[in-house]
Amino acid sequence: MSARRRDEAPPESDVLDGALAPRKNKTLFGHQAAEAAFLEAYKADRLPHAWLIGGRPGVGKATFAWRIARFLAAHPDPRLPAVQRARDLYVDPDAKAAHLIDSMSAPDIFLLRREWNHQAKPPRHYTEIRVEDARRALHMFHHNAAGGGWRVCIVDPADELNKSSANALLKMVEEPPAKALFLILAHQPGRLLPTIRSRCRKLMLQPLTPADIVRAIEAQGEGFSKFGKAEIEKAAQRADGSVREAIRILARQGAASQRLTEDLLRGLPKIDWGGVQKLIDAVARPTAGNEYDAFVETVFVWLDARVKEAAGQGPRRLAPLAEAWDRIGKSVRETEIYNLDKRALILGVFEDLGAATR
């Protein structure tokens, strides 16, 4: 299946509402050292065939990987004067390579990610990268690249590979063909197969500074023009080094579920089940993603404050809250991974918190 046809399966799993897809983002902030390391290896014509690019979600791993792919597509020979003169991996947005990547039409670049499951009810992304998707991506390496250039596979993220797809990737990384490049992105590199990690050069991208996050959001364009500078700066301060998290914080501003959740939490250990039902109505709709995110964030902000208070009051006060935190965290992860019923999650959250605060 061509990259163009793959892109016709909406929505893309790596794009937030209003934000640029990483392949269309031409700016990279805060990772000059990583960019210089890659460029130095390329200029010297000593490019490792596999790179493990690690870092927390939202720091720019995918943007960096597409920046690499765009540069190699535009400059397939490291001996070219343009490469030797280059100080970074920037490519003119009007270059042919940039247009091909924007439209997912570059014939020798493949994105391996979770695919869209049209058969699910409702349709949604698969919960993992399947082995058939990995084999389709890796099949590209059985053919010569157009014009003798590079063949690039971006794995985004490798955390979502299952055992079979990880083994399929390993086989290709173990015996790579000529001019093949694997850009393997991982939120938690330590959890990947050791045999994959050992065959990669590692680049860890550090959390961004608030100033870099502000610049990155402003570079997203019209989708964020409705937010003032102060709002963006406030979100950047709370985002723990992640542009993705800052964007989600901005999207949650003014959410009705935040106010409803705060009111219900103030009433604990007594639970206003009528209020919980109003919260469910606000959060559980398929189109209420921001409301759901605001609910989850509000619960964990509240829990964080309560745990800090209880830490000085002894284990009898702390243990129930810590246990509730663990149970709720597990339920949230499972709900998001397996697309479970949010109603059941919300009811369970207040049952746990009610018990933990009695």
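Just so it is clear, none of the values below were taken in a lab; they were calculated from the coordinates. Quantities reported herein were computed from a predicted structural model and do not represent experimental measurements. Cβ placement follows ideal geometry from the backbone for every residue including glycine, while neighbour counts extend to all protein chains displayed.
Descriptive notes on the structure:
- Note on Ala95 and Asp304: their simple-model spin labels are 4.0 nm apart, each label 7 Å out from Cα toward Cβ.
- Axis of helix 61-74 versus longest Cα principal axis of the chain: the two differ by about 20°, to the nearest ten degrees.
- Computed from backbone phi with θ = phi - 60° and the Karplus coefficients 6.51, -1.76 and 1.60, the 3J(HN,Hα) list for the stretch 144-155 is 5, 6, 4, x, x, x, 8, 9, 10, 10, 9, 9 Hz; x is used for glycine and proline.
- Here Rg and Dmax of the Cα atoms in Å was computed from the coordinates, and among (i) 22.5, 71; (ii) 24.0, 77; (iii) 26.4, 95 the match is (i).
- Calculated from backbone phi, Karplus (6.51, -1.76, 1.60) coupling profile of the stretch 349-358 in Hz, x at Gly/Pro: 4, 6, 5, 5, 6, x, 5, 6, 9, 6
- 5 angstrom amide H check on Arg124, placed H, neighbours 5+ away: Asn117
- Top positive-direction residue, dipole computed over the chain with Cβ charges, set Tyr292, Leu181, Gly223: Leu181
- Listed residues Ala178, Ala19, Ala158, most fluctuating in the chain (Gaussian network, C-alpha, under 10 Å): Ala178
- The dipole here belongs to the chain: it is taken about the Cα centre, uses +1 on the Cβ of Lys and Arg and -1 on the Cβ of Asp and Glu, and is about 540 debye.
- Put simply, the amide H of Ile129, placed in the peptide plane, has neighbours under 5 Å in Leu161, Asn162, leaving out anything fewer than 5 places away on its chain.
- Other-chain or far-sequence residues with amide H under 5 Å of Lys202's (modelled H): Leu52
- Burial ranking of peptide ranges 193-200, 243-250 (average Cβ count within 10 Å, highest at the top): 243-250, 193-200
- On Cα atoms only, tilt of 315-338 relative to the major axis of the chain in degrees: 50 degrees
- 0 to 90° range, to nearest 10: angle between helix 243-252 axis and the chain longest Cα axis: 40 degrees
- Sites Glu323 and Ala21 - FRET efficiency at Förster radius 45 Å, r taken between beta-carbons, to 0.05: 0.65
- Applying 0.36 nm per residue to the separation of Asp88 and Lys229 and subtracting their alpha-carbon distance, the gain on full extension is 47.9 nm.
- Protection proxy ranking of 345-353, 300-308, 233-241, by the mean of other Cβ atoms within 10 Å over each peptide's residues and highest first, is 345-353, 233-241, 300-308.
- Remark: for residue pairs Lys43/Lys229; Lys202/Lys226; Lys96/Lys234; Lys163/Lys330, the C-alpha separation exceeds 30 Å in Lys43/Lys229; Lys202/Lys226; Lys96/Lys234.
- Here the Karplus curve 6.51 cos²θ - 1.76 cosθ + 1.60, taken at θ = phi - 60°, turns the phi angles of the stretch 295-305 into couplings of 4, 4, 4, 4, 4, 6, 5, 4, 4, 4, 5 Hz, with x standing for Gly and Pro.
- Of Thr63, Thr127, Thr335, the one that fluctuates the most in a GNM where the chain has Cα springs shorter than 10 Å: Thr335
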